[in-house]
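To start, the structure under review is shown below, and the notes come after it.
The values are calculated or read from the model by the stated rules, or taken from the named source; none is laboratory data. For clarity, every value in this text was computed on a predicted model and none was experimentally measured. Note that each Cβ is placed from the backbone with ideal geometry, even for glycine, and that neighbours are counted across all protein chains shown. The accessibility values were calculated without ligands, DNA or RNA, using every heavy atom of the protein model including side chains. Shrake-Rupley method; radii C 1.70, N 1.55, O 1.52, S 1.80 Å.
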Amino acid sequence: MEIKNVTIAGGGVLGAQIAYISSFKGYNVTIWGRSEGSIDRVKPRVENIHNIYNSELEMAGSYIGDPKANYPRSFFNSVDDITVESIEELRKSNEDAFANIKYTSDLEEGFKDADLVIEAIAEIPDEKVAFYESIAPILKEDAIIVTNSSTLMPSQFKEYTGREDKYLSLHFANNIHRQNLAEVMRHDTTSDEAFDTVVEFARNIGMYPAVIKKEQPGYILNSILVPLITAGLNLYGGEVADYEDIDMDWKIGTGSPKGPFEIIDTVGITTVINIMSMNPAAKDPDSNLAKALVKLNDRAEKGLKGKETGEGFYKY
């Protein structure tokens, strides 16, 4: 199946990035939001990504011929592809991407022509079920649905999509124009054709498609990342150490560029709250994780939600 029209459901931090890179790579992209308010919130995110891409392309000339260049890997396949001509082509692609993205809160308009739907709504199972059931009657027969869920299994939702064989997971890392990872995970009745089509789509938008052969909670990335964040929150909730020292301890001790609380700010505190709330330990108010979640919720209520709001645990 050839994919031309891509609809992203949800315009949060990752939804906006996925939409933008897809448009940047030449796909016809629509962002669907639940309301006009949702659309109003996503447009500044998209404009910010446009500006980031402009800045990246301003710097790109300095990477020419440098085999050790830390270049945006979704823009170029290798350093050898970075030329004055390719940079100019991408400048045009950036302007076209920004101008051509469509926005709608209408289900029919958003999904009736979609070849690929990328669901990037909140990690709340009931909301995902309601969404899938609402679009099932609208979609074309051969349309594929993927979920960008970071923790939930596709088999949990496949029966609600109306197309089990054309439903699977496509999970992106944050900051995807540089951290160009897309985890592709099937469930037991995903067709080979749908799976291969999504892997090819991931490559076409400049991602490295990490193929996950069977369902795994947390996929690959979050199977490693979530325990790290959970461990940091347990230390924080138990008042073993302040978040600054937890981060510095991890960074100095391992050489990692970010500690768990810097990662929380990058991912977004709201997303972390949703994920951690599913942990059984969060149900026990006396647990360290539950105590940490009280602190996270307090920050979220104050608008300190991470990088996107300019402040989380740290100021940006």
Inset, instruction - Tell me, please, whether a residue that is closer than 24 Å to Ala16 by Cβ, more than 19 Å from the chain's Cα centre (by Cα) and either open to solvent by 20 Å² or more (accessible area, probe 1.4 Å) or not small (Gly, Ala, Ser) (or both) can be found in segment 37-45. - result: yes
Inset, instruction - Report whether or not Leu181 is touching a residue at least 12 places away in the same chain (Cβ under 8 Å), open to solvent by 20 Å² or more (accessible area, probe 1.4 Å) and over 17 Å from the mean Cα position of the chain (by Cα). - result: no
Inset, instruction - Among the residues of segment 1-30, write down those that are more than 24 Å from Asn77 (Cα to Cα), of a type outside the set (A, V, I, L, M, F, W, C) and modelled with pLDDT of 95 or more. - result: Thr7, Gly10, Thr30
Inset, instruction - Report yes if some residue within segment 44-65 is outside any helix (DSSP H, G or I) and either at pLDDT below 95 or in contact with a helix residue (DSSP H, G or I) (Cβ under 7 Å, 6 or more places away or on another chain) (or both); otherwise report no. - result: yes
Inset, instruction - Tell me, yes or no, whether segment 86-107 has at least one residue that is more than 25 Å from Asn48 (Cβ to Cβ), out of contact with any strand residue (DSSP E or B) (no Cβ under 7 Å at 6 or more places or on another chain) and among the hydroxyl-bearing types (Ser, Thr, Tyr). - result: no
Inset, instruction - Filter segment 210-225 for residues that are of a type in the set (A, V, I, L, M, F, W, C) and either surrounded by 19 or more Cβ atoms within 10 Å (Cβ to Cβ) or outside any helix (DSSP H, G or I) (or both) and give the result. - result: Ala210, Val211, Ile212, Ile220
Legend entry - Residue list for segment 109-132, filter: more than 19 Å from Ile3 (Cα to Cα), charged (D, E, K, R) and not in a loop (DSSP other than H, G, I, E, B): Asp126, Glu127, Lys128
